[in-house]
Amino acid sequence: MELQNTVKEALNALYHHPDDAVRMQADRWLQEFQRTIDAWQVSDNLLHDSSSNQETLIFCSQTLRSKVQRDFEELPSEAFRPLRDSLNSLLTAFHKGPPKVRTQISLAVAALAVHVPAKDWGDGGIVNWLRDEMNSHPECIPSFLELLRVLPEEAFNYKIAARPDRRRQFEKELASLMEVALDILRACLNISELTEQVLEAFASWLRLRHRIPSSTLASHPLVLTALSSLSSDILLEASVNVISELIHYTAARNSGGVVAHMPLIQVIVPQVMSLKSQLRDSSKLVFDSKHNGGNRNVSSSRYFQDEEDVKAMARLFADMGDSYLELIANGSDESMVIVHALLEVASHPEYDIASMTFNFWHNLQIYLIERDSYVSFGNEASIEAERNRRLLVFRSSYESLVSLVSFRVQYPQDYADLSREDLKDFKKTRYDVADVLIDAALVLGGEATLKILYMKLVEPGGSSGNGEHNNWHSAEAALYCIRAISDYVSVTEAEVMPQVMYLLPKLPHQPQLLTTVCLTIGAYSKWLDAAPTGLSFLPSLIDILVSGMNVSEDTAAAAALAFRHICNDCGKKLCGSLDGLFHIYQRAMIGEGTFKVSAEDSLHLVEALSVVITELPSDHAKKGLEVLCLPAVTPLQEVINQGPLILGQTTARELTVHIDRLANIFRYVNNPEAVADAVQRLWPIFKAIFDIRAWDMRTMESLCRACKNAVRTSKRFMGLTIGAMLEEIQALYKQHHQSCFLYLSSEVIKIFGSDPSCADYLKILIESLFSHTICLLKTIQDFTSRPDIADDCFLLASRCIRYCPDLFFPSPVFPPLVDCAMIGITVQHREASNSILTFLSDIFDISNSSQGEKYASIRDNVIIPRGPTITRILVASLTGALPSSRLETVIYAVLSLTRAYRSRALEWTQDSVSLIPSTAATEAERSRFLRALSEVVSRGDVNALTISIEELSEVCRRNRTVQEIVQGALRPLELNLVNGVVV
């Protein structure tokens, strides 16, 4: 009683106390209470207590449901029947009580049924038991119907801590009782006020996809009731749910496919198609409402004035399209009726409704285009003939689709007043429409789609070339669509694109329109390069981009991106205009005048000019590179000239904005010798920043990125500079522990690792970096606090295995680095954990490479003594030490270890798995996993191993208690590095 009163007091505090701190404390206490074993009895008592208020009832019903789902194993086996009977009495007691409470109790009973086999449940299993209870308590039938509805849903609820075998068995039990369940539902149809509940429960049972003959379903009273209820305002949604499930059922391959279900399909499709006229009426109603001050003529249609009803109807058409795609793609007259209905949905004024068809148009496009759809037609000539026939059949549909969706990207008149959420939705709409236009272009061809969209641009009110500023919305929308299909318009197109390019300079510089104009120019940069008239357009188009850089940050961003595309694709054409390009570049870099190019967007201009310089002869490229670097080098040199104190006090942003520009130059000027010369000249500046700012992570990351790009581009032309660079980072890493030094070293290893002349130098480098990192990562807590160092350290180690194994494996740092990896496997940081696991897999896999055999003995001397411990940690990682999202990476490590050490690895695994108590995983569950692992050794059956690991993982994670038991037995977090030894 004392605990029950405490629960009530905590709930009262949670919901009604004015102090936030008190409410938070109450919430924490209640959460802890729910994890206790006392929560069973207390929740049950309070639910049976007639004085409990609604807040208490809801909390206790949720608690009891959660306990049954997750913690059923806490109870002794003899507790099952009292619990079942108590839940049943609650279900009957609350048949007119709060719906939330009744739902939670229904879910608890369903979860109990998942845990307990039918033979232990008694009465022929839960469905037969439920039928008997309904007969005994007819006044409680609504409560029992809710339980009947949730039963099949809970078969797939992985919150229920049931073992995989039991979950599969429960699904089979339900399938075997399908006829009993449907008989119960059919009997309940006699109670008219329960029809909606009956239909919802029927839909739920259909999701089991049990093989009921279509001929049976076609005349089944439940199906006929659902079809006849499509005209009912009240029952529409429930009817749609049933019919939607029937559609999916008829299309499911494991149920025989569409052909086997034609009797049922022939009943469903005509009934759904009869809704088409009502959908058209509802579209007109919405349209008229929007254009008549929002007033609807209620008497004009009693059907589907509720948008949710229209959505339900549209969902049926979309489901038919998605499910019967293969039939529709044949292009028969019957299938085209469905296509026209889907066009009707696509034309609906409400975007949420129209967009339901987008998936269909995408999948149909794939089916029409992909060769695999036509393999049954035999030879190439027949395939091509059938493909062309179908494309012709669907041509007009996709032409209509282009017109139907293109207007939806138009900026609303009140765009400036949109909330952040509405703006986000509008942008998503534009992206979705762009995808639909691409689908259309793949069917129609880019040029045909372009013609349709160009007509939108030049139709009255579409183009704003006449200077009417108010008409920019439709012009912008048409250009947005034209830009969306740019990848599908041939670079040889000569009819429409010249007219588009001619029109662009005539459009007003309204910000949103100018942004889209700039992006369109960039999107068609390849066309400009290939078109005979492309060069003649470039000056006026570049003038537009310069204007864009002056108007707003958004237009400047679009202009900078377009500038990059133009230079990337038209670089050779622009070499003669280098002075003008440099003038634009320098103005943008120094922020001259009204230029509004941000630091991030300026990197597009850096890339643009870098690409143009690459096209120059070598001598000119070196001079051009100097000019390109100057706007970034000058401010850096000025800061350095002011002395170490000023350089140390300068904000990171003031330095990185210039260093990042140099990094992009080194990346995109594809002239190794010129870049190497530039880096050599700039090294004194870099060294000064390294020496004074090594403590500053942001600056170091930026500078290391610049050096990495220089190494990647220049490769062996780096000469003496690379030596100075490595000496610098090697010394600074010991002092400041910046992970980016490891990342830069990783790039150096990739480029120079196989060069014998660099061997001595690189050996010193990797031994220095690894030995120091090992000192930093001695416990799992160290890995948790420094995941970036762990990540880059083991990425570097994997690079060493690939590019300089002859330096890495014989190195004295190899054994302690493996020890270090063993400690850090279970770090929760995703990238760090993946890098460690990949490193270990690379070690295990080394004998698979052509040169790897010679390192196998060194590897074995290190791995074999540690094999049992490594295996134990990997098994712990599979069973809960790491999130289930990492299973794939851990599975590969286990697979690699098993392939490398075969029977020895099996012994290690068996010893590790045997540590898992039988209360957590049964002998059968453990044996199944070990058999699958043995199959990998004998036959290489990886799929069986993956399935068995996933099941063992699920068993060992099924609830918190079990997971703690397993991890307590496997002890993955107990390793530490003491005096260089793992203990």
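The values are calculated or read from the model by the stated rules, or taken from the named source; none is laboratory data. Remember, predicted model here, so these are calculated numbers, not experimental data. Backbone-built Cβ (ideal geometry, glycine too); neighbour counts: all protein chains shown. Side chains included, ligands, DNA and RNA excluded: accessible areas come from the protein's heavy atoms. Shrake-Rupley method; radii C 1.70, N 1.55, O 1.52, S 1.80 Å.
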Can you pull the one-decimal nm distance between simple spin-label points at Y351 and H137, each 7 Å off the Cα toward Cβ? 4.9 nm
Taking 0.36 nm per residue of separation and subtracting the Cα-Cα distance, what length does fully extending S228 through A731 add? 173.0 nm
So for region 529-662, averaging the separation of alpha carbon pairs under 8 Å that are six or more residues apart and normalising by length, what relative contact order in percent results? 23 percent
Could you give the spread of the C-alpha atoms of region 618-761 along their three principal axes, from largest to smallest, in whole angstroms? 42, 40, 19
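Assuming R0 = 56 Å, can you tell me the calculated FRET efficiency for the pair D372 and E964, based on Cβ-Cβ distance, to the nearest 0.05? Intermediate results must be reported in sequence, preceding the final value.
Values: r = 49 Å, r/R0 = 0.88.
Here the calculated transfer efficiency is 0.70.
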What does the C-alpha gyration tensor say about the overall shape of region 208-248? Classify as rounded when a/c is under 1.5, otherwise prolate if a/b is larger than b/c, or oblate. oblate
For the chain, calculate the relative contact order in percent as a whole number, restricting contacts to Cα pairs under 8 Å that are 6 or more residues apart. 5 percent
How big is the C-alpha Rg of region 134-174 next to the rule-of-thumb value 2.2 N^0.38 Å, as a ratio? 1.42
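Rounded to the nearest angstrom and ordered from largest down, what semi-axes does the equivalent ellipsoid of region 595-699 get from its C-alpha gyration tensor (root of 5λ)?
Numbers: eigenvalues 125, 51, 23 Å².
After scaling each eigenvalue by five and taking roots: 25, 16, 11 Å.
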Which FRET efficiency value, to the nearest 0.05, do you get for A599 and N12 by plugging their Cβ-Cβ distance into 1/(1 + (r/R0)^6) with R0 = 51 Å? 0.40
At a 1.4 Å probe, what is the % contribution of carbon and sulfur to the accessible area of the chain? 52 percent
Top to bottom by accessible area (1.4 Å), largest first, where do R28, R928 land? R28, R928
In vacuo Debye scattering of region 344-442, one point per C-alpha: log10 I(q)/I(0) at q = 0.12, 0.14 Å⁻¹? -0.49, -0.61
For the chain, alpha-carbon Rg and Dmax in angstrom: 34.7, 97
Ratio of alpha-carbon Rg to the 2.2 N^0.38 Å globular estimate for region 211-274, to two decimals, please. 1.06
Rg and Dmax of region 7-72, Cα atoms, in Å? 11.8, 36
Tell me the accessible surface of Y668 in square angstrom (1.4 angstrom probe, heavy atoms of protein chains only), to the nearest ten. 60 Å²
For region 883-983, what relative contact order do you get, as a whole percent, if you take Cα pairs closer than 8 Å and at least 6 residues apart? 28 percent
Per-bin percent of Cα-Cα distances, region 45-203 [10 Å]: 11, 42, 37, 10, 0
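If you take the alpha carbon radius of gyration of region 516-568 and divide it by 2.2 N^0.38 Å, what ratio comes out, to two decimals?
Here the answer is 1.04, to two decimals.
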Quick one: length gained pulling L630 to S219 fully straight, 0.36 nm per residue minus the C-alpha distance? 139.8 nm
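Please compute, over every Cα-Cα pair in region 448-580, the percentage with a separation greater than 26 angstrom. Mind showing how you got there, number by number?
Details: 1306 of 8778 pairs.
Counting every Cα pair in region 448-580, those more than 26 Å apart make up 15 percent.
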When only alpha-carbon atoms are used, what values of Rg and Dmax, in angstrom, describe region 102-196? 13.0, 40
For region 7-129, the Cα convex hull volume per residue in Å³ comes to 97 Å³
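With runs of 4+ DSSP H residues as the only contributors, calculate the mean residue ellipticity of the chain at 222 nm using -39,500 (n - 2.57) per run, divided by the residue total and rounded to the nearest 500. Walk me through the numbers before you get to the answer.
Details: 52 runs with 722 residues, N = 983.
-23500 deg cm²/dmol, from helical runs alone.
Step through the table entries K8/K96; K276/K424; K734/K778, compare each Cα-Cα distance with 20 Å, and write down the pairs that go over it. Working shown, then result.
On the way: K8/K96 23 Å; K276/K424 32 Å; K734/K778 16 Å.
From K8/K96; K276/K424; K734/K778, over 20 Å: K8/K96; K276/K424.
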Within region 331-372, name every residue whose backbone N is under 17 Å away from a label modeled 7 Å from Cα of V259 along the Cβ vector. 331-332
Solvent-accessible heavy-atom area per residue, rounded to whole Å², over the chain at 1.4 Å: 43 Å²
When the label point is put 7 Å from the Cα of E153 along its Cα-to-beta-carbon vector, which residues of region 199-218 have a backbone N closer than 17 Å? 199-209
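Over 21 Å between Cα atoms, which of K526/K572; K572/K708; K67/K159; K159/K428 qualify?
Values: K526/K572 12 Å; K572/K708 28 Å; K67/K159 11 Å; K159/K428 32 Å.
Distance filter (> 21 Å) returns K572/K708; K159/K428.
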Rounded to the nearest angstrom and ordered from largest down, what semi-axes does the equivalent ellipsoid of region 386-509 get from its C-alpha gyration tensor (root of 5λ)? 26, 19, 11
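Can you list, largest first and rounded to whole Å, the semi-axes you get for region 751-869 by taking the square root of 5 times each eigenvalue of its Cα gyration tensor? Numbers along the way, then the final one.
Numbers: eigenvalues 100, 57, 31 Å².
Equivalent ellipsoid of region 751-869: 22, 17, 12 Å, largest first.
What share of Cα pairs, in percent, lie more than 27 angstrom apart in region 850-983?
Values: 1691 of 8911 pairs.
Cα-Cα pairs in region 850-983 separated by more than 27 Å: 19 percent.
Using R₀ = 41 Å, calculate the FRET efficiency as 1/(1 + (r/R₀)^6) where r is the Cβ-Cβ separation of S176 and L75; round to 0.05.
On the way: r = 27 Å, r/R0 = 0.66.
Once rounded, the FRET efficiency stands at 0.95.
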Express in nm, to one decimal, how much length is gained between A759 and L423 on full extension, taking 0.36 nm for each residue of separation and deducting their alpha carbon distance. 115.3 nm
